[in-house]
Each structure stands twice: as structure tokens, then as C-alpha cells.
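Asker: Here it is, the structure in full.
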Amino acid sequence: MIKVDLQHSGLSITDLNEAKVKKVHEMIINKSGKGNDFLGWIEWPKTFDKKEYEKMKKVASSLRNKIDVLVTVGIGGSYLGIRAADEMIRGINHSDKVQVIYAGHTMSSTYVSQLSEYLKGKKFGICVISKSGTTTEPGIAFRALEKQLIDQVGDENSKELIVAVTDSAKGALKTLADNKGYPTFVIPDDIGGRFSVLTPVGIFPLLVAGVNTDNIFAGAIKAMDELVKGDLSNEAYKYAAARNALYNQGYKAEALVAYELQMQYTAEWWKQLFGESEGKDNKGLYPTSMIFSTDLHSLGQWVQEGARNVLFETVIKVKEPVANMLVETDADNYDGLNYLAGKSFHEINSTAIEGVIDAHVNTGKMPNIVLEFDKMDDIQFGYLVYFFEIAVAMSGYLLEVNPFDQPGVEVYKYNMFKLLGKPGVK
Ligand SMILES: O=P(O)(O)OC[C@H]1O[C@](O)(CO)[C@@H](O)[C@@H]1O
């Protein structure tokens, strides 16, 4: 479901440190490396609590019947994976009954008040997600939206329209939900935020959206079964080792490039996964992303002719479209495009990939790793989540950092609490 092609990367398999890959693999499976208390995601697709899953399905289906809009409130790992899955699987301009929209990822008063205006008179529900329960952004957004919902439907009805996903026992959100009688689902202790999309964090909202989450798990299980080998025949490790080799050659940044607009948030999710996992101890590739063709007409100039030996691209090539469309013949042909008549948009997009790789690699001297995906569906989504999670574990350990913490994020939080006068913070 994901094949790694290194022919445009300037690397050969002998440039990859297979001996170290083998050692790190042992560390991952024996859970003996740094941050090993956050490796719960490794077996999760097979071991998650099936009873809780059935309960989630029931609560989600009842909520789905009552609402037209689901607002998920969360940030980082409690936000990006949901949006990545929803946009990749259902598309952006879908006409499904339930629309998913997002809050808690911004403190812009303009955004929050415009969202609140939009929700006036709408049948909406809220899924509030926070592992810690103390993150300010989702906290203040939830406070505003919860009050709006209660004002719109009344105290009793609101209890059927609000669900919390949080820690099993501790934290402000757990206490709040229990006291107010909102159903709660659990984010396991041993799975960090950015690895949590296959837990209730992602699965509950996606069930409300009507996504086939059984298929997401099937995709993740397929990845688990295929990506177990402790050498470079493991495609996820091949990708990790290749990006590590380019980092060791002096490259500073990796751009994940997709030619599918619906994958914009897959790239955003990937940025958090790699950025928080590797950017520490003054090390790590800077993860960025581009969506082509959009960015071919903005950043494309820089990629072709800007500073060299800084950035490399990792290009996602989707083999099969979920839906296809043909360019039709036009009798007048004023636009001169009849030479494309009969070709599909996908064929033209795929030809662009070949042309762009040639331009960037051969003329622009920009290394490209190519990841071949089958298609943008639920199974592929589950597969890609597991693929990148196991890849970042390998990649982080190859870099000799702890891939499972994010101490740097706390610095801004502390400063903000101090400036805002949070009790107990000096
Ligand atoms: O779910 P929480 O605890 O609100 O945290 C949200 C995000 O904040 C972080 O802790 C730091 O960005 C992430 O790891 C996490 O995804």
C-alpha cells in the first residue's frame, strides 16, 4: 500500500545504515529505547478495547442522527489526524449529512465568534478532545461553545450532544465531563497526542462523520503485518533511513508533497508527527509541506532555483483516483485543449508528477523520495498512519533523540500562563 522509490533521491540502498536500522528495530520491538512508556500505538490496531469501540459506535450513531454539524474541539494530535482522515476519505466538498468543523486550534476571537455566528440555529454537537485536559486553546473554545449549545437546546438536551475524549481518570476535562454527565472515551496513557488518531481521538468523530472506521483499522493492521521486518525490506524503515541519510549529508528540511488537495491535512498531521518527534537536542529535519499544483505556482520557483542542499522533497504519488473525470472534446476548441480530450484529470496529474520530478531532480538538483500510495480511501488512511508512526520511531532513534516527548512545546505555554496570571504559575 506504500512503496518507497529512491531512484530520484541520489541515494542507493548502500547509503542507508542497515546495521543501525536492525539495532533500532530491536529497540522498538523490545521497547527498550527512550520514551518507551509511549509505545502503546505499536499493537493498538489489534489490541484496542472492542467493548469501548462498540459503545463508541452506538453513541456516535445516535449523535449523527441528531445533528448536521459536529464541532471537534482540540489542538495538535487532538485535531490534525481527524481532519486529515475526514478530508482524505470523505473529500472536501462532500454532501454527506454531517459536516465536521474545527475549534480549539486557534485563539483568534474573530474565528471563534464567526464560528459561533455560523452555528446559531444549526443542529450541532460537540466532541471535545484533550488528553491533558489543561490545554488553553481547546479549553476556552469549549467553554464558549458549550454555553452556546446549552443556550440553544437547553441543559438536558445538550447532554446528548456533547462527548469528551480524554484521560481515563485524571484531568480537568474528565472531571468536568463526569460532573456534567457527558459520555467520555479514553485516550490511553501510553499513546501520545500525535500518535492518537486511531484511538477514540480520531475514531469517535470519524464515526459521527459516517466514515468506515473498521476499514481504517483493517488498513492499520495490514501495515502492522507488512511492516514488521527489521531491515531495509521494510518500506517504512527504508523511508526513515533514506531521510536520515539525507539529513546526514547536510539537508535541513523535508517537504512532503502531495498532488491531491484532500491530503493537505495529511501533510499537516505528518508535520506534527515528525516535528514534535525529531526537533530536539538541536537536531532534526524541519518538516514542511507543499500541495501541487497550487504550490508549483508559488513555491515552485524556489524549489527549482533557490538555495540548494537545504531542502529535499518526499513526493506522494497516488496510483488510482477514487473518482475520475475526463477532459471532453469541444467543437470550437477556442482554448486549444482538444489535444487533451479523452485523457483523464488523473492521467494529466500523473504526467505532471513525472514532469515535475524531472525538472526538480535533473535540472534543479533537488533530491526526491517518492512514496507510491494505492488510493485515498479509508484502508489507505489506516495504513499510512501506521507507516508514518513506525517510520518516525525508526527515524527518531536513528537521530538518537527521544521521539516520544515534546518538552519544547511547554516553553510557550509557561510564558503564556505567566503573562495571563494563571494561579500557581510564577
Ligand atoms: O490533547 P492535549 O493534551 O490538549 O494536547 C494537545 C497537543 O499538545 C501537545 O501536547 C503539544 O503540542 C501535543 O503533543 C498534543 O497533541
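Asker: Testing the spin-label approximation: label points 7 Å from Cα along Cα→Cβ at Leu326 and Thr351. State their distance in nm.
Answerer: 1.6 nm
Asker: While we're here: For segment 363-376, take each phi angle, set θ = phi - 60°, evaluate the Karplus expression 6.51 cos²θ - 1.76 cosθ + 1.60, and give the result in whole Hz per residue in order, putting x for glycine and proline.
Answerer: With coefficients 6.51, -1.76 and 1.60, one gets 8, x, 6, 10, x, 10, 9, 10, 10, 8, 9, 6, 6, 8 Hz.
Asker: Run the numbers on the chain and let me know its relative contact order in percent, using alpha-carbon pairs under 8 Å that are six or more apart.
Answerer: Relative contact order here is 24 percent.
Asker: Moving to a separate point now. What are the equivalent ellipsoid semi-axes of the chain, built from the alpha-carbon gyration tensor (square roots of five times its eigenvalues), in whole angstrom, biggest first?
Answerer: Semi-axes, largest first: 36, 28, 21 Å.
Asker: Note down the net charge around Met224, summing +1 for each Lys or Arg and -1 for each Asp or Glu among other residues with Cβ under 15 Å from its Cβ.
Answerer: Here the charged neighbours net out to -2.
Asker: Work out how much length Glu54 to Arg143 would gain on full extension: take 0.36 nm times their residue separation and subtract the Cα-Cα distance, in nm to one decimal.
Answerer: Extra length from Glu54 to Arg143 when fully extended: 29.2 nm.
Asker: Determine the dipole magnitude for the chain: charges of +1 sit on the beta-carbon of Lys and Arg, -1 on that of Asp and Glu, nothing else is charged, the reference point is the Cα centre, and the result goes in debye to the nearest 20.
Answerer: With only Lys, Arg, Asp and Glu charged at Cβ, the dipole is about 1520 debye.
Asker: For segment 81-145, what are Rg and Dmax over the alpha carbons, in angstrom?
Answerer: 12.8, 35
Asker: While we're here: At 222 nm, what helix-only mean residue ellipticity would the chain give, in deg cm²/dmol to the nearest 500, using -39500 (n - 2.57) for each DSSP H run of four or more?
Answerer: Only helices count here, giving -14000 deg cm²/dmol.
Asker: Same structure, new question: Using DSSP H assignments, which helices in the chain have an axial alpha-carbon span of 27 Å or above and a mean Kyte-Doolittle hydropathy of -0.5 or higher?
Answerer: 378-398
Asker: Here's something else I'd like to know. Test of understanding: ordering Leu419, Leu340 by Cβ neighbours within 10 Å, fewest first, what list do you get?
Answerer: If I rank by nearby Cβ atoms, fewest first, I get Leu419, Leu340.
Asker: Once phi is turned into ³J(HN,Hα) by the Karplus curve 6.51 cos²θ - 1.76 cosθ + 1.60 with θ = phi - 60°, what whole-Hz value does each residue of segment 300-308 show in order, with x for glycine and proline?
Answerer: x, 4, 5, 4, 6, 9, x, 3, 9
Asker: What shape does segment 43-211 have by the C-alpha gyration tensor, where a ≥ b ≥ c are the square roots of the eigenvalues, rounded means a/c under 1.5, and otherwise prolate means a/b greater than b/c and oblate the rest?
Answerer: rounded
Asker: Here's something else I'd like to know. Between Lys20 and Glu372, 0.36 nm times their residue separation minus their Cα-Cα distance comes to what?
Answerer: The span from Lys20 to Glu372 would gain 124.2 nm if fully extended.
Asker: I've got another one for you. Exceeding 28 Å between C-alpha atoms, which entries from my cross-link table qualify? They are Lys46/Lys413; Lys222/Lys319; Lys34/Lys319.
Answerer: Table pairs above 28 Å Cα-Cα are Lys46/Lys413; Lys34/Lys319.
Asker: Here's a follow-up. By a straight-distance test (C-alpha under 13 Å), which aspartates and glutamates pair with Lys229 as possible cross-link partners, with residues fewer than eight away in the same chain excluded?
Answerer: Glu18, Glu26
Asker: When we measure straight from the Cα of Lys365, which lysines land under 22 angstrom away, once same-chain ones fewer than 8 places off are left out?
Answerer: By straight Cα distance, Lys365 reaches Lys238, Lys252, Lys317.
Asker: Over what distance in Å are the Cα centres of segment 136-207 and segment 87-128 separated?
Answerer: 16 Å
Asker: Same structure, new question: Report the full-extension gain for the segment Thr294 to Lys365: residue separation times 0.36 nm, less the Cα-Cα distance, to one decimal in nm.
Answerer: Full-extension gain reported as 23.4 nm.
Asker: Using amide H atoms built in the peptide plane, which far-off residues or other-chain residues are under 5 Å from Thr288 H to H?
Answerer: Distant-sequence amide H within range of Thr288: Glu254, Ala255, Leu256.
Asker: Among 219-231, 261-273, 30-42, how do they line up from the highest to the lowest mean number of other beta-carbon atoms within 10 Å?
Answerer: Packing order, densest peptide first, comes out as 261-273, 219-231, 30-42.
Bear in mind that the values in this text are calculations on the coordinates, not laboratory data. The structure displayed is predicted, hence computed values, not measured ones. Cβ coordinates were reconstructed from backbone atoms using ideal geometry, including for glycine residues, and neighbour counts include every protein chain displayed.
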